[in-house]
Amino acid sequence: MKGSEHLILSAAEKLQRKILGLLGRSLLFAVTSVAALSVLAILFFIARDAWPFFRDKGVAAFFFSTAWYPAHQPPEFGAAAIFVGSLLVTLTAVALAVPPGVLAAICMSDILPFSVRQVLKPVVEMLAAIPSVVYGFFALTVLAPFLQDSGKWLPGGFEISSGVNALNASVILGVMALPTIVSVSEDALQAAGRELREGSYALGATRAETLVKVVLPAAVSGVFSAVLLGIMRAMGETMVVWMASGNAAQIPKPWYNLLQPVRTLTATIAGDMGEADQMTGSAHYHVLFAMGLSLLVISFLCNLAGEWIVTRQRKRLRGG
Amino acid sequence: MHMRTRRFLDRAFTSAACLAVGLMVLFLLFVLGPIFVKGAGAYVFMGTVEHRRMMLDQFDRGNEERVTAEWLDVQQARRPVYEALSAFEKELPGLPAARRKELKPAFKAVREGVAELLGPEPGEPLPALTRKMYGQTRWTKAQEKLKEIRFEESWDYSAGAGRKVLTSRQPLFDGTALAPLFPLLERDARKLLRPRLTFYPRFLTDVSIDAHFFGGIGPEVLGTMYLALGAMLIAVPLGIIAAIYFQEYAKEGPVMTFLRSCVNTLAGVPSIVFGLFGLAFFINTMHVSSGKSVLAGALTLALLVLPTVIRSSEEAIAAVPRAYKEGAMALGAGPWRTILTVILPAALPGILTGIVISMGRAAGETAPIIFTAAVSVGKMIGPTEIASQPTPALSWNLYNLCTEHEAVNEIRHVQFGMAATLVVIVLALNLVAILIRARVARRLKG
Amino acid sequence: MTDTVKQNVEAHVEARGFSVYYGSQEAVKKVDLAIPSCQVTAIIGPSGCGKSTFLRAINRMNDLITGCHTQGELFFDGQNVYSGDVDTAVVRRRIGMVFQKPNPFPKSIYDNVAYGPRLHGSYSRRQLDAIVEESLVDAALWDEVKDRLEKNALGLSGGQAQRLCLARALAVKPEMLLMDEPTSALDPKATARIEELIVQLRGRYTIAIVTHNMQQAARVSDMTAFFYEGNLVEFDATKDLFTRPREKRTEDYITGRFG
């Protein structure tokens, strides 16, 4: 072997290495930027196709009118009912999913033995992995007939006209949000640390007291971000609400009547694009992009809120 | 508080928490149970002679001699049915007007029911639609049809909510030439259709015939595979390179913080918005294809799974012990060689886990491909048509078959078969990921 | 202190006013030290005294740590390792290193040893086989692993893994070996085998070993350097330093009064 190979590079070699290194580095950086900045491209192109709608029809009617008649002459594009539908379904789903989700997370992190937890992890993962269209199919073929029949068992023999309604969609969305809430909350609870728990047990607290008064408050920001992620998952879901919510562009009367059909932003985009004439760039086409833009902005805001919570928590931990 | 109440509260809390976990497991079983049980029915079922005839005609499968012989036997057995029908048809004009008016619609329903059950009457011209050329191919469905022939369905609204009422048609036809038909159908149904346990594994790969009335889900499975593999082919190199950059090269600073939060934000974009973007950018702006295509769909799905691939690869790379890197460096390996020969191989299982899970996600997603790749009816497409042709896909066609299909109730078995197939594909991919992880955990232990 | 080096032995590594900083903190302070060729030099001192930092500076492993920079000169074979035009890959090939914790790659035993040769040249399979065998024999591991060269190296015991790391370092035919507390993660038996090896390798390689174990330094080394708070306090022949230390601080340390 060239035992006493020279340590010093020649000038040409040095230049060559410098150029190659720089080239490799910039190539990596370029690819990384493309991957990361695609989200800006998404924002730009959705906004570009949403802009003609806002320019021509204005903002007020879109957000505040409930008159959604895209096929009329002249068409009306009041999306207020659709926004309310999205909100109603999302909030109901999260409200249904958070209590069992957080409780299940507590159970998995603090109550069950390690071996059982190893079995349950895949269960949570499977719940998260089932495709949304399969959940939608389940909602339509199994849950909807069940809901429709269940009316007569309720007191007052009360009639459920259709099994596809806001409640059906919310229940299924809740199930879909559950794995996110469980796994993120569980991580937060685990991160709270053993010392904290031991400190509380050492003072004679029961397990429930330890968990509720000491561990949960310590993990609260993690649980919050779990809830936020759950909201994002439910808000952005398309197939389930399209198949199970009934798709009527109306605000239920009274507004909390979950047994009436509603329509959401995502389902409207999915369902109407076929009718909206894309080639001529009709208002109907552009209004769907306006809805997409609204969804995008909402998800950005949720993300910002999530990051804010995380940084605040980090600061609090650092600052004591 | 008393010790006793405290202990009670503790127990209550523990049980509530365990209940929540139980609820979750129950949900999973409640969703998967019916889908697997009924979905299996697409592959294994009681098939009638009509199924065997159809397979012979349409797919050229089965023993021709045996099916023909069986068909002759069945025709023999069915003769009394058709004799009863034609005898009654001759008798009908001679009946009193009131009776005639009463019986005519019922007879029409019975006759149509028989045609649906057993296929077109012998001697009639062959119908244009394939679905009408055969009787019921599946025994469970045939039994439903039998019931529809024997009973009239009506709704009773006297109790407020509607209630289904079934009335037998047999008494109506007492004393006419049609009367023997009902006991015949009830007693000899098995002889008329010859149900037999049938395995149909090629449901997975067969093309569908006449809008999924017969045949399998081959084009959908193929389309899903194209889309998922295509998406991974695009997303994996991008994702791994980005992960390497983030983990090994990036110096912390505002640019990196920004790029990182971009990736996080991308992970939160609703799937339908990816679909809109695919339509607006890949198809309407870049014109990767003149309309929907597998390529446009794969590109869109690739963006959707990109954050997952980046994150899991980053985690895997970060988990590689620093000592490996130092060891390679100390032997004189440059940063590139270190990454390629030591860090990536060590991180590979973790990276693979992320890839496999993302692939499951890409296979199951529907919303991003609605505007970019999916069509409801289509043939199997070849690898050369990827850039130009749209494709059916399991996810989209499941939606389509259970909502927009012309006869949603007639093809339940196909819907369940499709749902089960999709779930099995996705869960199998997840299982692979779990196994890889378990292997790695075992290897690290010792 | 360079005057304490015996003049008849050629210095293989020579530090002149050499300092290492982590950010603004000076971890090694203006050290002058000449490590003689083909001898074993032990570097001792309490933890945090900069002995590891100095060792890792010799083959520029500290480059991996962000914010780490140096001042002064460090010559290897007469060339300044920190001049701007140096090829670190060549530096590290000519100066091998064994770490505190055995760090075999998650590859087969064979591939671990062949890793270095494959990096620096192209060899036929037969040549590689020969290098692998020779290196494993030199590291006294050949008899234990010759039947399972294709097995994953992660299955080896701690002592075997450390000898594999030594074989891996020897496979690129370095002129010098740096050992950063190579036995601190091992049991006494495995430690003894490594020490035997060091003695065997002495004379063929220049060896610098950082250790917190003074008996070990006394057993294996020809020269010993004592570091304290980043300063080189004393550098002398091992037998002199341990019997007649010239500095008060050295005496305190080797008699166990602190550290």
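Here are a few things to note about the model shown:
- Gap separating the Cα centres of region B:373-446 and region B:106-183, nearest whole Å: 36
- Region B:59-136, dipole about Cα centre (Lys/Arg Cβ +1, Asp/Glu Cβ -1), debye to the nearest 20: 500
- Proportion of all alpha-carbon pairs of the protein assembly as shown beyond 58 Å (%): 32
- Computed over region C:189-237, the quotient of the alpha carbon radius of gyration and 2.2 N^0.38 Å is 1.22.
- In terms of overall dimensions, the C-alpha atoms belonging to chain C reach 53, 43, 37 Å along their principal axes, ordered largest to smallest.
- Note on A:ARG318 and B:ALA438: their simple-model spin labels are 4.1 nm apart, each label 7 Å out from Cα toward Cβ.
- Using R0 = 51 Å, the C-beta based FRET efficiency linking C:TYR123 and A:LYS121 works out to 0.65.
- The share of Cα pairs per 10 Å bin across region B:243-333, counted from zero up to the longest distance, runs 14, 33, 27, 17, 9, 1 percent.
- Estimated FRET transfer efficiency (B:LEU95, B:LEU129; beta-carbon r; R0 30 Å; 0.05): 0.35
- Straight-line cross-link partners of C:LYS30 among the lysines, defined as a Cα under 25 Å from its Cα and at least 8 positions apart when in the same chain: C:LYS6, C:LYS51, C:LYS248.
- Charge dipole of region A:3-57 about the Cα centre (unit charges at C-beta), most positive-ward option of A:PRO52, A:LEU20, A:ILE8: A:PRO52
- For chymotrypsin sites (Phe, Trp or Tyr not before Pro), the sites in region A:176-268 that DSSP calls loop and that have at most 14 other Cβ atoms within 10 Å are A:TRP255, A:TYR256.
- Placing dummy labels 7 Å off each Cα toward the beta-carbon, the span from B:ALA87 to A:VAL297 is 7.7 nm.
- Scattering profile of chain B at q = 0.06, 0.13 Å⁻¹ [log10 I(q)/I(0), Debye over alpha-carbon scatterers]: -0.44, -1.18
- Across q = 0.18 Å⁻¹, region A:3-57 modelled as identical point scatterers on its alpha-carbon atoms has Debye log10 I(q)/I(0) values of -0.76, in the order of the q list.
- Rh (Kirkwood; distinct C-alpha pairs) - region B:218-445, Å: 19.0
- Under 5 Å from the amide H of C:ALA27 lie the amide H atoms of C:VAL20, C:TYR21, C:TYR22, each residue being 5 or more positions distant or on a separate chain, with H modelled from the backbone and absent for Pro and chain starts.
- Antiparallel DSSP beta bridges within the protein assembly as shown, percent to nearest 5: 65
- Options B:ILE339, B:ASN430, B:PHE274, ranked by Cα towards positive dipole end of region B:218-445, top entry (Cβ charges): B:ILE339
- Distance between the C-alpha centres of region A:49-106 and region B:184-248: 34 Å, rounded to the whole angstrom.
- Region B:49-194: equivalent-ellipsoid semi-axes (sqrt of 5 x gyration tensor eigenvalues, Cα, Å): 30, 20, 13
- Average partner coverage of A:6-14, which counts Cβ from other chains inside 10 Å: 5
- For A:ALA95 and C:THR66, a Förster radius of 41 Å and the Cβ-Cβ distance give a FRET efficiency of 0.30, rounded to the nearest 0.05.
- GNM top mover of B:GLU70, B:GLU365, B:GLU326 - chain B, alpha-carbon springs below 10 Å: B:GLU326
- Extreme residue, positive dipole direction of chain C, given options C:PRO102, C:GLN215, C:VAL40 (C-beta unit charges): C:PRO102
- For the options C:ASP240, C:ASP143, C:ASP32, a Gaussian network treatment of chain C with springs between C-alpha atoms closer than 10 Å singles out C:ASP143 as fluctuating the most.
- Charge dipole (Cα centre; +1 on Lys/Arg Cβ, -1 on Asp/Glu Cβ; no other charges) of chain C amounts to roughly 400 debye.
- Taking only the alpha carbons of region B:139-294, we obtain Rg and Dmax values of 29.9, 95 Å in that order.
- Ellipsoid semi-axes in whole angstrom, largest first, where each is sqrt(5λ) of the Cα gyration tensor of region B:323-446: 43, 19, 9
- Hits among aspartates and glutamates - C-alpha to C-alpha of B:LYS145 under 13 Å, sequence gap 8 or more where chains match: B:GLU112, B:GLU116, B:GLU153, B:GLU186, B:GLU410
- Largest GNM mean-square fluctuation across C:VAL40, C:VAL210, C:VAL233, computed for chain C with C-alpha springs under 10 Å, falls on C:VAL233.
- 5 angstrom amide H check on C:ALA34, placed H, neighbours 5+ away: C:ALA15
- Alpha-carbon Debye profile of region A:216-290, log10 I(q)/I(0) at 0.14, 0.16, 0.19 Å⁻¹: -0.63, -0.74, -0.88
- In plain terms, the C-alpha convex hull of region A:3-100 casts an average shadow of 15.6 nm² when viewed from every direction.
- Cβ neighbours within 10 Å from other chains - mean over C:153-165: 1
- Here A:LYS315 is the anchor, and the lysines within straight C-alpha reach of less than 26 Å, apart from those fewer than 8 places off in the same chain, are A:LYS213, B:LYS251.
- Taking every residue in C:37-47 and counting other chain Cβ atoms within 10 Å of its Cβ, the average works out to 0.
- The protein assembly as shown - charge dipole about Cα centre, Lys and Arg +1 at Cβ, Asp and Glu -1, debye rounded to 20: 1420
- Global size of chain A as Cα Rg and Dmax, reported in angstrom: 26.1, 96
Read the figures in this text as sums done on the coordinates, not as results from a lab. What you see is a predicted model; the values in this text were computed from it and never measured. Every residue, glycine among them, receives a Cβ derived from its backbone with ideal geometry; neighbour counts consider all protein chains shown.
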